[in-house]
Each structure stands twice: as C-alpha cells, then as structure tokens.
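Trainee: Following this message is one structure expressed as structure tokens.
Nothing in this text is a laboratory measurement; each read-out follows from the coordinates by a stated rule. None of the values given here were measured: they were computed from a predicted structure.
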Amino acid sequence: NIFSLKNKVILVTGATGHLGLEISKGISDSDAYIILTSKNLNKLKKIKNNFFKNVNNVDIFKMDITKSSSITSCIKYVKKKYGIINGLVNNAYSGKDGSLEKINEEDFLLATKHNLIAPFLLIKNIIKLFTNFRTNNKLSIVNIASMYGIVSPNFSIYDKNVLTNPIHYGATKAGLIQMTRYLACYLAKKNIRVNAICPVLISTKG
C-alpha cells in the first residue's frame, strides 16, 4: 500500500453505493477498522461478505442520515465499541434526477438533508461525544462533493434519453464545499482536518 491506516477507525456513509464501496475497499485495504453505513442493512451485509478481504476489520451499521436520531445512535455506537474515531467520509446521497421543471420543493429539501444537514450533524455529534482530538486522537473528515458544486453542467451533453443533472444536486454540493471551508478553519484548533473531494462524472457500467 502507498499508505497505511492500520488501527485507525473510519466511518463511511453511503457505503453500498458505487463510489462509497470503492472508497470503503480502499480504506479497508489500508488496514483500517471501517464502519460501513447505509439505510439498507441487507446490502451492507452482502458487500461486507463479498467485497472485503479482512471481514474482521469491517463493521456495519444501519443509519438513515435523513434522521438526526439515527445519526446520534450511530456515533454513540462507535463511541461505545471503539472509544475513538479517526476518520469520517461523508459520501451518502440519494435524490431525484430531472429537469428544472420537474424538480419540486421536496426534492430540494431531500438533497439538502443529504448534502448539508447530515454531514453537519455527523460532525457535530462526533465533536460532542469525542473530546480528545487535541491530544492522541487526530480526526480527518472528507466530504464527497462534486465538480457540479463548482461548475454548471454542460447541457449540450444531455438529451431526452439521459438523466438531466438536477439543480438541487449541484446547489447543495456547492454548499457542502463552502461548509468544508468553514469547518476546516473553525476546527483546525481542535486538530481536526476537513477536506472535500470533487469527483467528475463516474461511470457505473462494467
């Protein structure tokens, strides 16, 4: 491995998705203890048993990031079982595709819950329950944003046979990037690093 995460405890949201699974496998291959989270427990069980070499270092937890009580329960579970957390990857997203004319208020609110409120609550709960970041427990937070949080989609590449890049996705990913900047400055004094990754288009074929 290029780097080692041996004995580090890392939580990944949206671990059953295409990107979340690849992120999780990379973390696991670097010898970390990884907690895979998703609202779909059956998928969590399947990917744990089918995609990871060392299942003894892979933990799963059913978490619905649109519910604050579920987020709190997850962080309490990590605190009780591991007593430490070294990494958080805010990756989970679920939302409706569609044109401006088809997107409604509920779609926008759901995207906001996934891309802004859930990462905020996860980070806040971690800071509340874990207090030793300034000493032996450094924390790294990685927010999975998007190129569409920085630039507008090129609509010439979309047609009626392709799902339209929705307005609420890019808008809330842009908010996540700004929240990352804010938290990176605000939490630096606590020895907490906060970064964002902005992936480009990802093929899910093959």
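Trainee: Which ³J(HN,Hα) values in Hz, rounded to whole numbers, follow from the phi angles of segment 64-73 under the Karplus curve 6.51 cos²θ - 1.76 cosθ + 1.60, where θ = phi - 60° and Gly and Pro get x?
Mentor: Going residue by residue, I get 9, 6, 7, 10, 4, 5, 5, 4, 4, 4 Hz, with x marking Gly and Pro.
Trainee: Moving on. How big is the antiparallel share of DSSP beta bridges in the chain, given as a percent to the nearest 5? Kindly include the intermediate steps, with their values, before the conclusion.
Mentor: Values: 0 of 22 bridges.
Antiparallel bridges make up about 0 percent of those DSSP assigns within the chain.
Trainee: On to the next question. Would you mind calculating the relative contact order of segment 64-132 from Cα pairs under 8 angstrom and at least 6 residues apart, reporting the percent as a whole number? Could the numbers behind the result be given before it?
Mentor: On the way: 46 pairs, mean separation 33.0, N = 69.
Relative contact order here is 48 percent.
Trainee: State the Cα centre-to-centre distance between segment 1-38 and segment 136-157 in whole Å.
Mentor: That distance is 18 Å.
Trainee: Taking only C-alpha pairs under 8 Å that are 6+ residues apart, what is the relative contact order of the chain in percent? Show your work: numbers first, answer last.
Mentor: Numbers: 345 pairs, mean separation 39.1, N = 206.
Taking the mean separation of contacting Cα pairs over the length of the chain, I get 19 percent.
Trainee: In the P(r) worked out for segment 1-107, what percent of Cα pairs fall beyond 18 Å? Don't skip to the end; give the middle numbers.
Mentor: Values: 2794 of 5671 pairs.
Beyond 18 Å sits 49 percent of the P(r) for segment 1-107.
Trainee: Now for a different question. Which semi-axis lengths, in whole Å and largest first, follow from the square roots of five times the eigenvalues of the Cα gyration tensor of the chain? Mind showing how you got there, number by number?
Mentor: Values: eigenvalues 163, 80, 52 Å².
Taking √(5λ) for each eigenvalue gives 29, 20, 16 Å, largest first.
Trainee: Enumerate the calculated ³J(HN,Hα) couplings along segment 89-102 in order (Karplus 6.51 cos²θ - 1.76 cosθ + 1.60, θ = phi - 60°), each rounded to whole Hz, writing x wherever the residue is Gly or Pro.
Mentor: 10, 8, 10, 4, 7, 8, x, 8, 8, x, 6, 3, 5, 9
Trainee: Relative to the longest principal axis of the C-alpha atoms of the chain, give the angle of the C-alpha long axis of helix 41-51, reported between 0 and 90° and rounded to the nearest 10°.
Mentor: Once rounded, the angle reads 70 degrees.
Trainee: Report, ordered by chain and residue number, the aspartates and glutamates lying within cross-link reach of Lys46, taken as a straight Cα distance under 19 Å and ignoring same-chain residues fewer than 8 apart.
Mentor: Of all the aspartates and glutamates, those that pass the test against Lys46 - Cα under 19 Å, at least 8 places apart if same chain - are Glu22, Asp29, Asp59, Asp64.
Trainee: A further question on this structure: In whole angstrom, and with the biggest value first, how far do the Cα coordinates of segment 90-152 range along each principal axis?
Mentor: 51, 23, 13
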